[in-house]
Amino acid sequence: MGSSHLAIAAAHPEVEIAGICDPGPQVVEILEKHTRFKGFKDYRKMLESEKVDAVVISTPSKTHGQIVRDALNAGADVFCEKPFVLDVGEGEQLVDLAATLNRVTQVGYCYRFVAAFEEARRVVESGALGRVHHVRAQAYGPVVLKAKGGTWRSAKSEGGGCLYDYAIHTIDLLNMLVGPPQAVDGVVLSPVFSSDVDDEVYATIRYGGGLSGQLAVNWSDDSQRKMRVQIEIWGEKGRINVDRQECQVYLRQPSDALPGYAKGWNIRYTTDLTPPVGFFLRGEEYSAQIDYFVKSVKARRTDGISNFASALEADRFASMLRKAGESGEASGVLPVADRTVAPRRSRLMSLLFGRGRGG
């Protein structure tokens with residue numbers, strides 16, 4: 001992800017790359033040899049010497065907290081790859097620090113920039129479905145497919161396993177669509193090939209007010225060529241099936257809140273809903289989120305999409321699942337502020353990049 005973010009940012013007309021950082025020699029040496037970018041092996045020296053406007057952090061999950069803290073204190077706005085942090089307490093401190101320093105923040109939940117999921121959010125918030133009473137979220141993909149060759153992602157203290165590296169995307173989408181839960185139960189965190197972490201996550205979700213949910217995630221499924229995320233939402237007046245390709249909406253009756261949507265099934269395709277991006281790599285959503293961060297920095301928008309406070313809600317959700325899965329008991333949500341859906345923040349900005357791995 002570090003390499004992808006670097007390519008996207010370097011092509012952005014309003015971005016100047018101040019430097020790239022990787023503790024290993026190979027990445028820095030290759031980029032210094034073949035590009036104009038200045039390389040560093042110690043991000044602290046980069047922050048001290050370059051006085052950057054903003055940083056993009058793409059490092060193993062366990063390192064996020066300290067790097068984010070140092071970047072904020074150095075005067076930089078911060079884009080951090082997901083998950084935000086592995087420890088909710090640390091995340092709370094960083095949210096408070098960013099607010100105190102008036103920094104722009106964003107976490108790399110790229111699925112919020114997939115047009116089909118954004119359309120699903122718009123439909124839910126329109127009220128056209130009536131009272132939403134059930135959600136089901138699934139994600140499958142081929143990440144860990146053998147017992148040997150584990151990476152930092154497969155270490156509980158470094159990556160957090162399927163829950164924090166894979167399921168967290170789906171968790172964040174559920175938070176966007178219906179808000180954070182009150183409790184979880186029936187949680188299964190099970191290894192398939194890994195020895196230290198879970199490879200599959202299953203749970204029942206309790207939201208209160210008659211809303212329930214189910215979560216099913218497996219990153220050891222090689223029947224999928226790449227990660228596949230699907231969310232279904234049932235309401236009194238209709239339902240939604242949505243994945244990255246399309247948003248299918250069924251309405252029992254037309255709704256004035258949704259002009260253009262008829263009785264029965266309606267399909268909106270991501271290809272039709274997605275605005276063009278200036279530079280395409282991996283998917284429009286990756287360029288869109290970096291462009292959004294650039295615009296947020298310039299506008300000083302501190303309450304934007306996937307800001308630290310929003311991302312911390314995903315960490316709280318994951319923490320509940322971890323606690324319930326390890327104890328075998330139901331887990332209630334940690335205290336969380338009232339949820340609101342975040343709206344879609346000088347000189348030419350500079351970006352700091354860390355180790356080019358993540359997802």
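Could you please give the count of residues in segment 93-111 that are under 14 Å from Asn307 (Cβ atoms) and not in a loop (DSSP other than H, G, I, E, B)?
Result for segment 93-111: 10.
Of Thr63, Thr59, which residue is under 23 Å from Asp42 (Cβ atoms) and either assigned to a loop (DSSP other than H, G, I, E, B) or in contact with a strand residue (DSSP E or B) (Cβ under 6 Å, 6 or more places away or on another chain) (or both)?
Thr59
Find all pairs meeting these conditions: Cβ atoms under 8 angstrom apart; at least six residues apart or on different chains; first residue within segment 170-184 and modelled with pLDDT under 95; second residue of a type outside the set (A, V, I, L, M, F, W, C).
none
Just to be sure before I move on: is Asp87 acidic (Asp, Glu), over 21 Å from Ile171 (Cα atoms) and not assigned by TED's automatic domain parsing to the domain that holds Ala155 in the structure I sent?
no
State whether the residues of segment 49-58 include one that is within 19 Å of Trp152 (Cα to Cα) and not aromatic (Phe, Trp, Tyr).
Yes: segment 49-58 contains one or more residues that are within 19 Å of Trp152 (Cα to Cα) and not aromatic (Phe, Trp, Tyr).
Need a quick list: helices (runs of 4 or more DSSP H) entirely within segment 222-339 having at least 1 residues that are under 18 Å from the mean Cα position of the chain (by Cα) and buried (at least 20 other Cβ atoms within 10 Å of the Cβ).
The qualifying helices (runs of 4 or more DSSP H) are 284-299, 308-327.
Tell me, which residue of segment 144-169 that is buried (at least 23 other Cβ atoms within 10 Å of the Cβ) and aliphatic (A, V, I, L, M) is modelled with the lowest pLDDT?
Among them, the one singled out is Val144.
Given the options Gln214, Gln245, Gln253, name the one that is over 19 Å from Thr170 (Cβ atoms) and modelled with pLDDT of 95 or more.
The unique qualifying residue is Gln253.
Pairs only if they're at least six apart or on different chains, beta carbon under 9 angstrom, first in segment 20-34 and in a helix (DSSP H, G or I), second modelled with pLDDT under 80; list them, first residue then second.
Cβ pairs passing all conditions: Val27/Arg355; Val27/Gly356.
Quick one: how many residues across segment 112-127 are surrounded by fewer than 22 Cβ atoms within 10 Å (Cβ to Cβ) and assigned to a loop (DSSP other than H, G, I, E, B)?
1
The values are calculated or read from the model by the stated rules, or taken from the named source; none is laboratory data. This structure is a prediction, so every number in the text was calculated from the model and none was measured. Cβ atoms come from the backbone with ideal geometry, glycine included; neighbour counts cover every protein chain shown.
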